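The values are calculated or read from the model by the stated rules, or taken from the named source; none is laboratory data. Since we're looking at a predicted model, the values are computed, not measured. When we count neighbours, we look across all protein chains shown, and the Cβ atoms used for this are built from the backbone with ideal geometry, even at glycine.
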Amino acid sequence: MWDNIMVLAAAPVFNVQLILDGLFIGAIFALAGYGLALVWGVMNVKNLAQGELVIMGGYFAYVMTQLGLHPLLALIPAFAIMFGFGWLVYKIIISKVIERDLFTSLLATFGLALVIQQGLNLAFGPEVQTAQSGMEIRSIFGGNVTVADIRVLSLILCAILAGLVVLFMKHSRMGQAIRATSQDPRAARVMGIDTEKVYAFTFALNAAICGAAGVLISMIWVIQPFYGVPHSIRAFVVVTAAGLGNLPGVIIAALGLGVAEQYSGFVLGAEFQQATVVMLLIFVLMWRQFQMSKNRQVVQ
Amino acid sequence: MTTKMKTLPFAVLSASALALALAAPAYAKVEGDTITLGSAISFTGKYSTNGIHAKNGYDLAVKQINAAGGVKVGGKSYKLKIVYYDDESTPARTGQLLERLINQDGVKFMLGPYSSATTKAAAPIIEKYKIPMVEAEGASRSLFTKGYKYLFAVLSTSEQYLASTIALAAQIAEKSGKKASDVKVAMAFENDPFSQDVRAGVIEDVKKFGMKIIIDDKLPRDLNDMSATLTKTKALKPDLLLVSGHSKGAVTAGRQIQEMKIAVPMIALTHCEAGKLVSKFGAAVDDFLCPTQWAETLSYKGDLFGTAADYDKLFKATFANYKNVPYQSAQASAAVMVWKAAFENAQSFDTEKVRDALSAVELNTFYGKIKFSSAGNNIAKPMVLRQIQNGTYNVVAPAEWASHKVNYPRKAN
C-alpha cells in the first residue's frame, strides 16, 4: 500500500490518469444515480433492478455492432425502447406494489432484476460482451496518460442528457406534474394531475436514462447479463450520499465515487475497488445519522 | 366409508412407492448391450456455453465409439449412452442431480460437470457412494489435494496454466544477456479458486527463478474495470504481465490494455479463445500469449479419432455451427475414451474393478497422453502456450510442440 502511494508521489502524472478515469466513469454513474433518485423521490420505490436496466441498455450497443453499425447509434433506440419497456414494467409490476409497504416493492424489483438477468442470459448467452467504438486514443504527458475519445464523448453526452432532463423537469408540463406529485401526490391528484400517468412516465424515463447509460458503459467497460448488481449498488450509494431531489449532489457524489474507486484500486489493489463502494455507503449512512442526531439536539 | 377414505391414500402411496421402485432401475448401469454414463452439466446459466461445448464433445465420442463397434467386455460389444441433467450452473444443484443419478437412475459411471466449482460439489458425492467419475472440465488444483479416490481428470490442472510463461520469460531474458532474476512480474488474478490456483503455480515458478513480483492484484468476481491496476502497470514498468479471470478478465484486459496503450513486452492471459479476443479487438491483441489445454495444430495422435487435426475436422463436420473447436469439447471426448479403455482393461462392470482400471489407464489420444497420478489428475499432458500472431493462435512453447517462434517484445500499440 505504501509503495503505491510512493509511486503516486514520485510520479504525480499518474494521478491525472486516475482522476480522469474516475471522472469519465463517474459521469455514467451519475446518470443511473439520477434515475434512481427520480423513482425513489417521486414514487418512493427503491428500484433494485436499476443495474439490470443499465446492462439491458448495454446490449443495444452490442446488437448495433453485430449489425455492423456504430454502437453510439444505439443511444436513440436504447432510449426509446427502454422508455417503452419502463412503461410496461410500471403497468405490469410497479403499479401493483407502489401503494404497498417498502418490503413488497423491494421484493418486486428484486424479482424484476432476476427476470431481466435470466432473460438477457437466454437471449445473448453468458459471455462477456463489449461494443467497440473504434475511436482514437490520445496520449498526453509523454504517453503516461491516455485518454480515449469515447470517454470524453460519453462525458459530454452524459452532460447533455442530464441537462435535457433538468430542462424537461423544470419547463415541461409533465416535468412540473412529476415535481408536484413528488411533493404531495394527494394534492396533485386533487389538482387534476393523473398521478398514475406521472408514475408510469417517471419509471419509463428512469429506464430510458439507464438504457442510455448502458450504451455508454458497454463502450468503456464490459457487459454481461449478471453485471447489473454492482451498478445497482453504485446507484444506491450515489443517491444515499446526495439525497433525493438534489441533482448537483448526485453529480458530485457520482464523480467522487468514480475517482474514489480508481484510487482505491490503485492504492489498495483491485480487490478493494468495489469494496470501496460499499464502505463508502456505510460511512455515508453513519455520517447522515450523526448529522441527524445533531439536528435533533438543536431542536431540543 | 371411513375405512375406505383412510385406505385410499395408503393405496395411492404404496402404489406410487411401487412405481418408483420399479422405475428406479430404468437406467441401470448396464442393461442389455448398453452401458449408461451419467452427467449433471450446465445447459443453462453462466456456464451454459462451455457446458454445451462439453456435451457436444461427450456426444461425439459416444457416437464415434458406438460406430466403431462399441466397448468390448467379456467378448461382448456394448454401446455407450449418456444420461444428462442440467445443473443450471449451480454447484448445489450439481450435487443434488448426482445423488439422483446414483440413487434413482442407478447410474454407476459418471462424466464430470463443467467448471471447477461444480466439480468441487460433485466430488464428495461420488466419494460417498464410491462411484467413479472421469471429468474433463474442472482444472482447479484443489480437486486433487483432498485425497479423492474416485475422481479422475484428463486435463492439466490450473497451476500449470501460466507457469510456462515464467520459464519462457526467463529464457528470453537470458538470451538477451540479462539474468532471469531481473525479470519483473505484474500479476492480476481473479479472486476465485481457479485463478488463485493459477497464481499459486506462477508464484512457485517465479520463486524458482528468483524473479520479482511488483504488482499482485486480486480482481473481483464481477470484474469489469481494471484500469487502476493497469495505471500501476504503466508506472512500475514490469517485463511480464499476467492476467487470469475467465473470459471477463480476458475481455476487460484486452480492451483496457489497448485503451491505455500498455507497452509491457510480454503479456499472457487465460481464456483468450473463450473471450473471443481476436474477433473483438483484432490487431490490438496481437502477440498476447494464451495457454491452452489442447490445440488442433498439435501432433498428438491416437486410436478412434486419429490426429488432433482429424478430430478438428470431424467435429466441425458434425456440429456445423462451430468455426473453431473449443478445447472444452476435445477434452470431453477424451474423457469418454478413458471410460472405454477402463471398461476394456477391467473386463468387468464392478465399480471397484473399473476404478482400479481407471487409475492404471495409459492412453495416447488426439488430445494428448493420458495417465493419472495417484491423486487422479492427468500428469502426462503439458499445457501449451500459444501466441496470437496476426490474428491466429500459434503454438510457441514448450519447445517440443512449438510450431512458431515467439514474438518478443510485443508490438506495443
Kindly check whether there is at least one residue in the range A:171-190 that is crowded, with 19+ Cβ neighbours inside 10 Å, in contact with a Gly (Cβ under 8 Å, 6 or more places away or on another chain), away from chain B (no Cβ under 11 Å) and assigned to a helix (DSSP H, G or I). yes
Is it the case that the range A:119-131 has a residue that's away from chain B (no Cβ under 14 Å), part of a helix (DSSP H, G or I) and either modelled with pLDDT of 90 or more or under 24 Å from A:Gly41 (Cα atoms) (or both)? no
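Condition check: in contact with a Ser or Thr (Cβ under 8 Å, 6 or more places away or on another chain) and not charged (D, E, K, R). Does B:Gln293 satisfy that? First the steps, then the outcome.
On the way: in contact with a Ser or Thr (Cβ under 8 Å, 6 or more places away or on another chain): yes; not charged (D, E, K, R): yes.
Yes.
Return the residue satisfying two criteria in turn: it lies in the range B:62-105 and is among the small types (Gly, Ala, Ser) and outside any loop (DSSP other than H, G, I, E, B), and of such residues it is nearest to B:Trp339 (Cα to Cα). Break it down into steps so the answer makes sense when it comes.
First, pick out the residues of the range B:62-105 that are among the small types (Gly, Ala, Ser): B:67-70, B:74-75, B:77, B:89, B:92, B:95.
If we keep only those that are outside any loop (DSSP other than H, G, I, E, B) too, we end up with B:67, B:77, B:92, B:95.
Working: B:Ala67: 16, B:Ser77: 14, B:Ala92: 26, B:Gly95: 21 Å.
It comes out as B:Ser77.
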If I ask for residues that are within 8 Å of chain A (Cβ to nearest Cβ) and assigned to a helix (DSSP H, G or I), which ones from the range B:209-249 would you list? B:Ser227, B:Ala228, B:Thr229, B:Thr231, B:Lys232, B:Lys234, B:Ala235, B:Leu236, B:Ser247, B:Lys248
When the range B:317-336 is checked residue by residue, the ones that are free of Cβ contacts under 8 Å to residues at least 24 places away in the same chain and either closer than 16 Å to B:Pro113 by Cα or part of a helix (DSSP H, G or I) (or both) are B:Ala317
Identify the residue in the range B:250-278 that is in a helix (DSSP H, G or I) and at the interface with chain A (Cβ under 9 Å from one of its Cβ atoms) and, among all such residues, is surrounded by the fewest Cβ atoms within 10 Å (Cβ to Cβ). B:Gln258
Would you be able to say whether some residue in the range A:212-226 is within 24 Å of B:Leu223 (Cβ to Cβ), in a helix (DSSP H, G or I) and away from chain B (no Cβ under 14 Å)? yes
Which condition from (1) over 30 Å from B:Ile65 (Cα atoms); (2) loosely packed, with under 15 Cβ neighbours inside 10 Å; (3) of a type outside the set (Ser, Thr, Tyr) is the one that B:Asn364 breaks? (1)
Looking at (1) within 28 Å of A:Val147 (Cβ to Cβ); (2) touching a residue at least 12 places away in the same chain (Cβ under 8 Å), find the lone condition where B:Ala228 falls short. (2)
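On the basis of being within 23 Å of B:Lys248 (Cα to Cα) and under 26 Å from the mean Cα position of the chain (by Cα), does B:Pro132 make the cut? Even if it seems obvious, please write down each step before you answer.
On the way: within 23 Å of B:Lys248 (Cα to Cα): no; under 26 Å from the mean Cα position of the chain (by Cα): yes.
Taking the combined requirement at face value, the residue does not satisfy it.
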Looking at (1) closer than 20 Å to A:Glu52 by Cβ; (2) not in a helix (DSSP H, G or I), can you tell me which one A:His231 breaks? (2)
Looking only at helices (runs of 4 or more DSSP H) that lie completely in the range A:1-79, which have at least 1 residues being over 29 Å from A:Arg138 (Cα atoms) and within 14 Å of chain B (Cβ to nearest Cβ)? A:2-10, A:50-66
Which numbered condition trips up A:Thr146, out of (1) assigned to a helix (DSSP H, G or I); (2) in contact (Cβ under 8 Å) with a residue 24 or more places away in the chain; (3) within 14 Å of chain B (Cβ to nearest Cβ)? (1)
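Filter the strands (runs of 3 or more DSSP E) completely within the range B:355-413 down to those with at least 1 residues that are within 21 Å of B:Gly201 (Cβ to Cβ).
B:368-371, B:384-389, B:392-397
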Boolean, B:Ala284 is assigned to a helix (DSSP H, G or I), closer than 26 Å to B:Ala163 by Cα and within 14 Å of chain A (Cβ to nearest Cβ): yes
Given the residues B:Lys301, B:Lys323, which is the only one that is surrounded by fewer than 20 Cβ atoms within 10 Å (Cβ to Cβ), within 19 Å of B:Gly57 (Cα to Cα), of a type in the set (Lys, Arg) and touching a strand residue (DSSP E or B) at 6+ places or on another chain (Cβ under 8 Å)? B:Lys301
Within the range A:263-277, tally of residues that are surrounded by fewer than 20 Cβ atoms within 10 Å (Cβ to Cβ) and assigned to a loop (DSSP other than H, G, I, E, B): 1
